[in-house]
Structure formats: structure tokens, C-alpha cells
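*Asks:* Could you have a look at this structure, given as C-alpha cells, before my questions?
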Amino acid sequence: GVHRQILFTTVGWFVGYHLIKRSEYIHAKRDRELLEYVRQHPEDFKIQEKKKIGELLEDFYPVR
């Protein structure tokens, strides 16, 4: 009946809430580890100079 639907909804919400929190924790932990690695090894992650849009695109030749 209705009491089962309420029970299953509550259990589903509870499990889903904790699964999302665990997923966010795992992603935050991974981000923190990767950013710490990048900070400790700047020679592996050199900042490239910015290119202008004309240097990125190929020359345009219209087809007639």
C-alpha cells in the first residue's frame, strides 16, 4: 500500500543521497591529489603562450 511506497521512497532517497555524497568526496579527493601533483611538478605542466585565432584556424578558400 501507500506505507510501502513511502518506505521505499525514503530508503531510495537516503541511499541516493549517500551515494552522491560519496561520489562527490571521491571526485574532490582526486582533484586535490591531481592539483597537488601539478603544483609539485611545474616542469611537466608548462603554461603555453596564447595563440591568436588566426593561428589556430586554417586558411579559408571558398569553393566555387
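The values are calculated or read from the model by the stated rules, or taken from the named source; none is laboratory data. Keep in mind it's a predicted model, so treat the numbers as computed, not measured. Glycine also receives a Cβ, built like all others from the backbone with ideal geometry; neighbour counts cover every protein chain displayed. In case anyone asks, the SASA skips ligands and DNA or RNA and just uses the protein heavy atoms, side chains included. Shrake-Rupley method; radii C 1.70, N 1.55, O 1.52, S 1.80 Å.
*Asks:* Take the Cα radius of gyration of the chain and divide it by 2.2 N^0.38 Å, with N its residue count; two decimals is plenty.
*Replies:* Against the compact-globule rule of thumb, the ratio is 2.36.
*Asks:* To the nearest 10 degrees, how steep is helix 2-40 against the longest Cα principal axis of the chain, on a 0 to 90 scale?
*Replies:* Result, in degrees: 30.
*Asks:* Can you compute the modelled spin-label distance between Tyr25 and Asp44, with each label point 7 Å from Cα toward Cβ, in nm?
*Replies:* 2.7 nm
*Asks:* Carbon and sulfur: what percent of the chain's accessible surface (1.4 Å probe)?
*Replies:* Carbon and sulfur: 61 percent of the exposed surface of the chain.
*Asks:* A further question on this structure: Return one whole number: the accessible area per residue of the stretch 4-45 in Å², for a 1.4 Å probe.
*Replies:* I get 98 Å² per residue for this part.
*Asks:* Find which of Val15, Gln5, Val38 sits farthest along the positive direction of the dipole of the stretch 1-43, computed with +1 on the beta-carbon of Lys and Arg, -1 on that of Asp and Glu, about the Cα centre.
*Replies:* Going by the Cα projections, it comes out as Gln5.
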